[in-house]
Amino acid sequence: QAKITVTETWLRKHRHLYDGATRHPFIRSIRDGNIDISAFKTWLGQDYIFVRAFVPFVASVLTKAYKGSDDGNGDVEVILGGVAALHDEISWFKKEAFKWGVQLSSIAPQKANQEYCRFLESLISPEVEYTVTAVAFWAIETIYQESFAHCLEDDSKTPPELKETCQRWGNESFGEYCNSLRNIVDRQLEKASDDVITKAEATLLRVLEHEVDFWNMSHRRT
Ligand code: HMH
């Protein structure tokens, strides 16, 4: 008899916003095979910038996991795996950008991306509790996992040239990794104060909003 976890409660409560982030028109257009390739290229260039800003954020979560807990649960190792994967991800972005003729060095972050990166930076502050940052980390990864996994379902019409991108986040082992993050988060929330739980839930909502804005930015390409 598994009891209902905090993340479960939140996902039920905020289902509408969550689905808005994981079933966005941009993702639907990949899945339906009618994506505008220029929108995809916009996303690629902007996400490269995002991922570069994501690295110090994840490193800060790692530091807080090390400092803040009696880490008998192996949080540090799970998060370290995330840092290592980001190293590979940055190489992948460079390779993929070259393939599509996207010049990464000449791309400026758009407003939604800037705001999202600023939000990540605000979470790096030592004032922000480990639990709160872990919730953001879990949500950021999981939204991509669910979004891209959706594009790989049997009835999807994802263009073959975009399958590798979808695999990157939609694959099963990334899914398992997201589950490990969720377990970390639920274990932390189980022992958190009401104040931290409130802040963590607000942070989840902000991540969902930033993710929707990020997809919007790519979808309405410039
Ligand atoms: C905007 N959200 C965004 N980019 C990503 N690469 C991820 C989440 C997952 O790492």
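The values are calculated or read from the model by the stated rules, or taken from the named source; none is laboratory data. Quick caveat: nothing in here was measured; it's all calculated off a predicted structure. With ideal geometry, Cβ positions are generated from the backbone for all residues, glycine too; neighbour counts draw on all protein chains shown. When the accessible area is computed, the model is the full protein with side chains, heavy atoms only, and any ligands, DNA or RNA have been set aside. Shrake-Rupley method; radii C 1.70, N 1.55, O 1.52, S 1.80 Å.
A few remarks follow.
- In this calculation the C-beta distance from Lys157 to Trp92 is compared with R0 = 22 Å, giving a FRET efficiency of 0.40.
- Rotationally averaged projected area of the chain (alpha carbon convex hull; nm²): 12.4 nm²
- FRET efficiency, Asp194 to Val83 (Cβ-Cβ, R0 35 Å, nearest 0.05): 0.65
- Where no second cysteine Cβ lies under 4.7 Å, the cysteines concerned in the chain: Cys117, Cys178
- With Cα atoms, 0 to 90° folded angle of helix 37-68 axis to the chain main axis: 20 degrees
- Only helical runs count toward this figure. For the chain, summing -39,500 (n - 2.57) over DSSP H runs of n ≥ 4 and dividing by all residues gives -26000 deg cm²/dmol at 222 nm.
- Shown are Ser91, Ser106, whose ranking by accessible area with a 1.4 Å probe and every protein chain present, most to least, is Ser106, Ser91.
- Under the simplified labelling scheme, the Arg12-Glu127 pair shows an inter-label distance of 3.5 nm, with each label point 7 Å from Cα along Cα→Cβ.
- Segment Asp71-Lys111, length gained on full extension (0.36 nm per residue, minus Cα span): 10.6 nm
- Rg and Dmax [Cα atoms of the stretch 97-148; Å; Rg one decimal, Dmax integer]: 14.6, 42
- Projected area, mean over directions - the stretch 49-131, Cα convex hull, nm²: 6.1 nm²
- The long axis of helix 130-150 is offset from the longest Cα principal axis of the chain by roughly 30 degrees.
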